[in-house]
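Here the structure is laid out as structure tokens; the discussion comes afterwards.
The values are calculated or read from the model by the stated rules, or taken from the named source; none is laboratory data. Keep in mind that what you see is a predicted model, and the values were worked out from it rather than measured. Cβ coordinates were reconstructed from backbone atoms using ideal geometry, including for glycine residues, and neighbour counts include every protein chain displayed.
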Amino acid sequence: MVVSDHFSATDIFLDADVKNKKSLLELIAGEVARRLGRTEEEILDVLKAREDLGSTALGKGVALPHAKLSDIETPVKLFLRLERPIDFEARDGEPIDLVFVVLWPAAAPKGLLEAISGIARNLRDAGFLRRLRQAATPEEVVELLRTCATTTEEQDAAPRET
């Protein structure tokens, strides 16, 4: 499963106005809670518990908050581009401005690792990150995600020279 295939324009938030990590997690929790008909506090607790294990910042200005969530059947995913970079306790010390969020069904835990690995592979390309930062519309971001996922799958399937 490629998570980027499951993004739609309604999952994309461009130029989100947050001041810090706390307000970002609150924004994410509010949106996920609204979609699932759950409380914001419940979703925020799950996100905070994962961050307590260690920052989900990947470096290069990207964060990937993720967690398993009970009583959902399909993954919940969001992409946010922040209006201003914020500190997210990244190992490289860089503030983040691109955020991928994945909340995965707890009943199918194997898929979460595959999903976050797929996203992380896509983020190795500096040109891809630049295009995400420059995208004008949510639809453009969705197309970038799909194109990058297809390219990555083709590269992964290509025979390796030894």
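A few notes on this one:
- Matching residues, the stretch 28-39, being in a helix (DSSP H, G or I) and surrounded by fewer than 19 Cβ atoms within 10 Å (Cβ to Cβ): GLY30, ALA33, ARG34, ARG35, LEU36
- Qualifying residue in the stretch 93-110 (condition: of a type in the set (Asp, Glu) and either under 25 Å from THR10 (Cβ atoms) or in contact with a His (Cβ under 8 Å, 6 or more places away or on another chain) (or both)): yes
- Residues in the stretch 46-55 that are closer than 15 Å to LEU69 by Cα and surrounded by 13 or more Cβ atoms within 10 Å (Cβ to Cβ): VAL46, LEU47, LYS48, ARG50, GLU51.
- Considering (1) crowded, with 20+ Cβ neighbours inside 10 Å; (2) over 25 Å from PHE128 (Cβ atoms), the lone condition that SER70 does not fulfil carries the number (1).
- Residues being among the basic types (Lys, Arg) and touching a residue at least 12 places away in the same chain (Cβ under 8 Å) - total across the stretch 11-65: 6
- Of all the listed residues (PRO105, PRO109, PRO95), the sole one being under 21 Å from GLU31 (Cα atoms), surrounded by fewer than 21 Cβ atoms within 10 Å (Cβ to Cβ) and of a type outside the set (A, V, I, L, M, F, W, C) is PRO105.
- Residue match in the stretch 74-81 (condition: surrounded by 17 or more Cβ atoms within 10 Å (Cβ to Cβ), over 12 Å from the mean Cα position of the chain (by Cα), on the phi < 0 side of the Ramachandran plot and not small (Gly, Ala, Ser)): no
Condition check ((1) out of contact with any strand residue (DSSP E or B) (no Cβ under 6 Å at 6 or more places or on another chain); (2) at pLDDT 95 or above) across all residues:
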{"site": "GLU31", "(1), (2)": "yes, yes"}
{"site": "ARG34", "(1), (2)": "yes, yes"}
{"site": "GLU40", "(1), (2)": "yes, yes"}
{"site": "LYS77", "(1), (2)": "no, no"}
{"site": "LEU80", "(1), (2)": "no, yes"}
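- Looking across the stretch 105-131, not a single residue is hydroxyl-bearing (Ser, Thr, Tyr) and either touching a strand residue (DSSP E or B) at 6+ places or on another chain (Cβ under 7 Å) or touching a residue at least 60 places away in the same chain (Cβ under 8 Å) (or both).
- Scan the stretch 85-130 for residues that are aliphatic (A, V, I, L, M) and farther than 19 Å from ASP52 by Cα and the total you get is 9.
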